[in-house]
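To start, the structure itself, in structure tokens.
The values are calculated or read from the model by the stated rules, or taken from the named source; none is laboratory data. These numbers were taken from a predicted model, which means no experiment stands behind them. In this analysis, Cβ positions are derived from the backbone assuming ideal geometry, glycine residues included, and neighbour counts consider all displayed protein chains. Each accessible area value is taken on the protein alone, full model and side chains, heavy atoms only, with ligands, DNA and RNA left out. Shrake-Rupley method; radii C 1.70, N 1.55, O 1.52, S 1.80 Å.
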Amino acid sequence: MTIKDIENIFEKTSPYMYRILRTADILKWQEENSENEHIGVLDFSELEGFEGVLIAALEYNPQEPELPEGCMSISPYYYFSNRYYMKLSNDLRPAEDRGEIRILRNSPLKVLANISGLGYYGKNSIIHNGEFGSSMFLYGVGINVEENESIEWNGINNVFSDCGSCRRCIEACPTGALDESGLLNRGKCIRNYMLEGTQVPEEIGKKMGKRLLGCDVCRNVCPKNNRLSARERMPDYDREIFLIRNYLDNREKGLKRFINPLSEWIGRNYARTKRVLYQCEIIDGNDKDV
Ligand code: SF4
Ligand code: SF4
């Protein structure tokens, strides 16, 4: 499978940009930066046997539809990332089965996007660039150069962030999870507790509002996102699927008829019955507190 073949698959999904890095350059960079607190322990073992990686950013529209009364909401990122991931992986899997490429499932894609020059880290810990802001879904593929194919490899980018003196996301975060250096305190981040199967601290749960998945506060205040997307926004919320009472009132029986279609919006990994129910209880409690 050539880079051109991969481009053709991206083209049918969404506007995109990509960079290509040599595996040897990535591993050299990792060795040279092993002490960097922003980087931590990185696992690039998925790249073994592949000469390089193609890291792509695919644009999505971050605009959210109006939320019907009694419903919970999701971040458009999760709606689109589920769709993009399914589509790209279905189209690329035959080449992966032939051993020509490897879809990256566990590699640090944000790091790859940054060191390839595809985007910079914001102090909100999200990657952004001048084209898509931070409204992008990252996707990585291990590649080998095909016979007669010539590849223009990108060099390593060492610029971590371009936020300058801006602090909007730090000031806007409802739980104080961000600091000046751009490090995210995961223990304080609301998103980190949503549908993860972990106990939600009371003070964090209260800040979740009506959110089932995704927070977006630090994303939405960022001036890097000042451009309107020409892409279609996510569809209107389906009232049956997002109505909180449908889950709370049917907890003993019949939840599958809501969970199954919900998984088409956010993916099976997130749409797990017990976790969705737990989140509904938190949102219901928040509603009563208002
Ligand atoms: S809001 Fe400001 S500090 Fe935060 S990511 Fe955007 S540009 Fe950077
Ligand atoms: S996702 Fe929400 S809680 Fe997490 S850092 Fe951003 S604003 Fe704060």
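Within segment 47-63, being crowded, with 17+ Cβ neighbours inside 10 Å and out of contact with any helix residue (DSSP H, G or I) (no Cβ under 8 Å at 6 or more places or on another chain) holds for one residue alone: Glu59. Within the group Gly133, Gly164, Gly182, which residue is more than 30 Å from Pro65 (Cβ to Cβ), within 16 Å of ligand 1 (Cβ to nearest atom) and within 18 Å of the chain's Cα centre (by Cα)? Step by step, each of Gly133, Gly164, Gly182 is checked, and only Gly182 is more than 30 Å from Pro65 (Cβ to Cβ), within 16 Å of ligand 1 (Cβ to nearest atom) and within 18 Å of the chain's Cα centre (by Cα).
For every residue, the table says whether it meets (1) surrounded by 19 or more Cβ atoms within 10 Å (Cβ to Cβ); (2) within 18 Å of the chain's Cα centre (by Cα).
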residue: Pro174; (1), (2): no, no
residue: Lys210; (1), (2): no, no
residue: Leu213; (1), (2): yes, yes
residue: Ser229; (1), (2): no, yes
residue: Tyr247; (1), (2): yes, no
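The set of residues in segment 93-120 being closer than 19 Å to Ser81 by Cα and open to solvent by 30 Å² or more (accessible area, probe 1.4 Å) consists of Arg93, Arg102, Arg105, Asn106, Leu109, Lys110.
Within the set Leu27, Leu67, the sole residue that is assigned to a loop (DSSP other than H, G, I, E, B), surrounded by fewer than 20 Cβ atoms within 10 Å (Cβ to Cβ) and hydrophobic (A, V, I, L, M, F, W, C) turns out to be Leu67. The C-beta contact set for segment 125-142 (first residue more than 15 Å from Leu109 (Cα to Cα), second residue aliphatic (A, V, I, L, M), distance under 7 angstrom, 6+ apart or interchain) comprises Glu131/Met17; Phe132/Ala57.
When Arg272, Arg239, Arg233, Arg186 are checked against the criterion of being surrounded by 11 or more Cβ atoms within 10 Å (Cβ to Cβ), free of Cβ contacts under 8 Å to residues at least 12 places away in the same chain and either closer than 24 Å to Arg83 by Cβ or touching a helix residue (DSSP H, G or I) at 6+ places or on another chain (Cβ under 6 Å) (or both), a single residue qualifies: Arg186.
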